[in-house]
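Below is one structure, written out as structure tokens; comments come after it.
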Amino acid sequence: VETPPVKSMLEQLPNELLIYVFEFLSHCDLYYTMYNLNSRLNKLCHTLKLYLDLDWTKSSFDDFCSSSRPLRSQVYSLRLSDKFDRLTFVHRFTDISIFTNLRALTITDASSENLDKVVSKLHLLRHLFYLNISRAVIQSIYITTTLFSLQSLKYLILYSVEPIVFNFSHDDIHPLTVLEYLEINGCHVVEFLELLKYVGPNLNRMKIRINYTSDQNLESIYGQIIGNLRCGNDGHV
């Protein structure tokens, strides 16, 4: 008489408790410890909202780039870094558009070339509402055009190692109508004043570090700020 297989203690736990435990695991740990053990655990893995950090140890990063990138549709938050030229390898082995349910994206230390490549794919991320670009040189006109065509963004944070250069002359640039929070570290007064016309009516909070020269009249600048905010908010501040 065949005896039924003995279930492990883990499999005797209810689904709710297993999901609670899984939420403490990283994307990598979840895949290598729980995924493909059985159909039940696979289904539970596909209910999670995962955070994926590609700024982790080199061995884990290499494993991700060399694998079939499982559970990618469950990645809701992603962190990319260009340390050790890692974004170059990300572009070589995968495409950011595979994260079809991505809601939040953080990019740090990106070279101008690699930042352009990532930004060129952002329009494919239909659910993206949080974008943080830090410690990069944000001076490409192309980046401005792309960022201000992402109508799903609610939170936009830009930290540039050099003053950010915006260019709002392109026809594809439209006000970010759902934007609620804007943080910019470093831009010139002229770009900032023009930027205010494109923040949209739902902006609740704004944190900006402005670069200005000693010969600029601050009182006149304050007046232009109010005027341009009204322009971007249909006449209301």
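For the condition within 18 Å of Asp29 (Cα to Cα), of a type outside the set (S, T, N, Q), surrounded by fewer than 17 Cβ atoms within 10 Å (Cβ to Cβ) and modelled with pLDDT of 85 or more, what is the one hit in Arg40, Arg72?
Arg40
List every residue pair whose Cβ atoms sit under 9 Å apart, with the two residues 6 or more apart in sequence or on different chains, where the first one lies in the stretch 4-21 and is modelled with pLDDT under 85 and the second, anywhere, is in a helix (DSSP H, G or I).
Leu10/Leu18; Leu10/Val21; Leu10/Leu41; Glu11/Leu18; Glu11/Arg40; Glu11/Leu41
When you go through Leu150, Leu179 one by one, which is the residue that is of a type in the set (A, V, I, L, M), under 17 Å from Lys207 (Cα atoms), crowded, with 16+ Cβ neighbours inside 10 Å and in contact with a strand residue (DSSP E or B) (Cβ under 9 Å, 6 or more places away or on another chain)?
Testing whether each residue is of a type in the set (A, V, I, L, M), under 17 Å from Lys207 (Cα atoms), crowded, with 16+ Cβ neighbours inside 10 Å and in contact with a strand residue (DSSP E or B) (Cβ under 9 Å, 6 or more places away or on another chain) leaves just Leu179.
Of the residues in the stretch 119-135, how many are surrounded by fewer than 20 Cβ atoms within 10 Å (Cβ to Cβ) and under 24 Å from Glu162 (Cα atoms)?
Residues that pass the stated criteria total 6.
Just to be sure before I move on: is Thr100 within 12 Å of the chain's Cα centre (by Cα) and at pLDDT 90 or above in the structure I sent?
Criteria not met by Thr100.
Out of Arg79, Arg86, I need the residue that is assigned to a strand (DSSP E or B) and basic (Lys, Arg). Which one?
Arg79
Give all pairs with beta carbons closer than 8 Å in which a residue from the stretch 83-101 that is free of Cβ contacts under 8 Å to residues at least 60 places away in the same chain and under 19 Å from Ser112 (Cα atoms) meets a residue that is in a loop (DSSP other than H, G, I, E, B) and of a type in the set (Ser, Thr, Tyr); count only pairs at least 6 apart in sequence or on separate chains.
Leu87/Ser111
Output the number of the condition that Asp215 fails; it satisfies all remaining conditions of (1) closer than 30 Å to Arg92 by Cβ; (2) at pLDDT below 85.
Tallying (1) closer than 30 Å to Arg92 by Cβ; (2) at pLDDT below 85, Asp215 fails exactly one: (1).
So is Gly227 touching a Gly at 6+ places or on another chain (Cβ under 7 Å), surrounded by 13 or more Cβ atoms within 10 Å (Cβ to Cβ), at pLDDT below 75 and not aliphatic (A, V, I, L, M) or not?
no
The values are calculated or read from the model by the stated rules, or taken from the named source; none is laboratory data. None of these values were measured; they are calculated from a predicted model. Neighbour counts run over all protein chains shown; Cβ positions are idealised from the backbone, glycine included.
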